[in-house]
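Engineer: Okay, handing you the structure first.
The values are calculated or read from the model by the stated rules, or taken from the named source; none is laboratory data. In this text the structure is predicted, and so the values were computed from the model without any measurement. Here the Cβ positions follow ideal geometry from the backbone for every residue, glycine too, while neighbour counts run over all protein chains shown.
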């Protein structure tokens, strides 16, 4: 999943993987994440919006660092935006609380949804999906 997000970031001309790249990869790669959404139409709208982002919409974000304020600004170079890095850490922590060694796609989805100011949540809103709608309980 991270490899797919990295490819998207490079293709989009972004210096870091952001939360929208992670959301895009999750939706494409993880059936349990897709099942967390109310219906297939939501997933189709989201994927369509994310594709539009990669061919033009994302230009407003190019050259900027995604930082919703969820974590202190990272001073050293990272492959992830601060918001994406925080979501990855939160997903790993959720998995550890469950006793799992690896985070699931739904752990990461929940972590993305927990940051209302991240780009992934902005994408959800712009695609007409309320961020509180997806539920990992479905997946």
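Residues are listed down the side, and each one gets a yes or a no for (1) modelled with pLDDT of 90 or more; (2) within 12 Å of the chain's Cα centre (by Cα); (3) surrounded by 15 or more Cβ atoms within 10 Å (Cβ to Cβ):
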| position | (1), (2), (3) |
| --- | --- |
| 10 | no, no, no |
| 13 | no, no, no |
| 16 | yes, no, yes |
| 27 | yes, yes, yes |
| 33 | yes, yes, yes |
| 39 | no, no, no |
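Engineer: With 77, 120, 70, 136 as the choices, which residue is at pLDDT below 95 and out of contact with any helix residue (DSSP H, G or I) (no Cβ under 8 Å at 6 or more places or on another chain)?
Structural biologist: Details: 120 fails: out of contact with any helix residue (DSSP H, G or I) (no Cβ under 8 Å at 6 or more places or on another chain); 70 fails: out of contact with any helix residue (DSSP H, G or I) (no Cβ under 8 Å at 6 or more places or on another chain); 136 fails: out of contact with any helix residue (DSSP H, G or I) (no Cβ under 8 Å at 6 or more places or on another chain).
The conditions single out 77.
Engineer: Sticking with this one: Only one residue in 91, 84, 103 is modelled with pLDDT of 90 or more, buried (at least 21 other Cβ atoms within 10 Å of the Cβ), within 16 Å of the chain's Cα centre (by Cα) and not in a helix (DSSP H, G or I), so which one is that? Don't jump to the end; show me each part of the working.
Structural biologist: Details: 91 fails: not in a helix (DSSP H, G or I); 84 fails: not in a helix (DSSP H, G or I).
Step by step, each of 91, 84, 103 is checked, and only 103 is modelled with pLDDT of 90 or more, buried (at least 21 other Cβ atoms within 10 Å of the Cβ), within 16 Å of the chain's Cα centre (by Cα) and not in a helix (DSSP H, G or I).
Engineer: Six or more apart or on different chains, Cβ under 7 Å: which pairs go from a residue in the range 8-24 that's without any contact (Cβ under 8 Å) to a residue 24 or more places away in the chain to one that's outside any helix (DSSP H, G or I)? Could you list them?
Structural biologist: The qualifying pairs are 9/16; 9/17.
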